[in-house]
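The values are calculated or read from the model by the stated rules, or taken from the named source; none is laboratory data. Computed from a predicted model, the values in this text were never measured in an experiment. Neighbour counts run over all protein chains shown; Cβ positions are idealised from the backbone, glycine included. Accessible surface areas use protein heavy atoms only, side chains included; no ligands, DNA or RNA. Shrake-Rupley method; radii C 1.70, N 1.55, O 1.52, S 1.80 Å.
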Amino acid sequence: MLDVISGTLTSAIAIAISPIPIIAVILMLMTPRATRLGVSFLLGWFLGIAVATTATALLSGIVPEPTTDGAQPVLGVIMLLLGAGLLFLGWRQWRSRPAPGVTAELPAWMAKIDGLRAPAAFGLAFALAAVNPKNLLVAASAGAVIGRSALSTGEFLIVVVVFSAVAALTVLLPVLTALVLPRLAVKALDGIRGWLTDNNAVIMTVLLAVIGVNVLGKGLGMFA
C-alpha cells in the first residue's frame, strides 16, 4: 500500500499546486461569507478529487490482465494517451500565457465569486476537481496506478483518501489560516493570489509537462 501511495504522490502534488482552485478559495475567503464559502469549497474540492480518482481506478481495474511475459499493452496505451493529453494541455497553457508586461487575467467566472452561496461554492469546487480536464487527467493517471495495484477494499479506500487529502492540502491551508488568523490571512492570501495569478500559465505548464512525461514513461514500461 505504501508503494502505491508514494507512486501517486507526484500526481497529488500536481493537483495540490494547481493555481486556479487556490485563487478561487482565496477570493472566497475575502468575502463576508468567508467561513461558509471556504469550508464548502474545501469539501467539494476533496470529494471531487476522491470521486475522479476512484472512478478511474475502478475503470482501470477492468483492464485485461497482464500477458504471460508481464506486459500490459491495453493499460500501456491508456497511460500513453493520458500522458499525451497532459503534454497537450501543458502546451496550450504555455501558449495562453500573457505577453511580457501584460497583466494576467483571471477567468470570467471568478468575478462572480462574491455572489456565491455555500452550495454553489461546493459545486464549483467539485466541478473543478472532477470535471476540469487538467485535474481529471492527472487524477486519472493516479487512478490507473491505484486500480492495478491489487489492493484490498480497506487499502484502496486509505490510498484514495490519502491521495485526495494531499491534493487538497493547498486549499485546506488557506481555509485554516482564515479561520484561525483572519486578520493576518487577508494580507498574506492577497499577496499569494496575486503571485499565482501572474504565474498561473508557467506553473501549470511545468506541472503538466512533468506529469505527462512521467505518465508516458509508465505507459512505455507496460509494453516490456
* Structure fact -> The residue from Ile23, Ile15 that alone is in contact with a helix residue (DSSP H, G or I) (Cβ under 9 Å, 6 or more places away or on another chain), over 19 Å from Arg117 (Cα atoms) and either buried (at least 18 other Cβ atoms within 10 Å of the Cβ) or modelled with pLDDT of 85 or more (or both) is Ile15
* Structure fact -> Picked from the range 58-88 (must be farther than 14 Å from Val215 by Cα and buried (at least 20 other Cβ atoms within 10 Å of the Cβ)), the residue modelled with the highest pLDDT is Ser60
* Within the range 181-191, identify whether any single residue is modelled with pLDDT of 75 or more, of a type outside the set (S, T, N, Q), assigned to a helix (DSSP H, G or I) and buried (at least 17 other Cβ atoms within 10 Å of the Cβ), and answer yes or no. => no
* Asked: Out of the range 89-101, which residues are surrounded by fewer than 17 Cβ atoms within 10 Å (Cβ to Cβ), at pLDDT 75 or above and in contact with a helix residue (DSSP H, G or I) (Cβ under 6 Å, 6 or more places away or on another chain)?
  -> Trp94
* Given the conditions (1) within 21 Å of Asp3 (Cβ to Cβ); (2) of a type outside the set (Ser, Thr, Tyr); (3) open to solvent by less than 20 Å² (accessible area, probe 1.4 Å); (4) modelled with pLDDT under 80, report the number of the one that Ala150 does not fulfil. => (3)
* Asked: Out of the residues in the range 29-46 that are over 19 Å from the mean Cα position of the chain (by Cα) and in a helix (DSSP H, G or I), which is surrounded by the most Cβ atoms within 10 Å (Cβ to Cβ)?
  -> Leu37
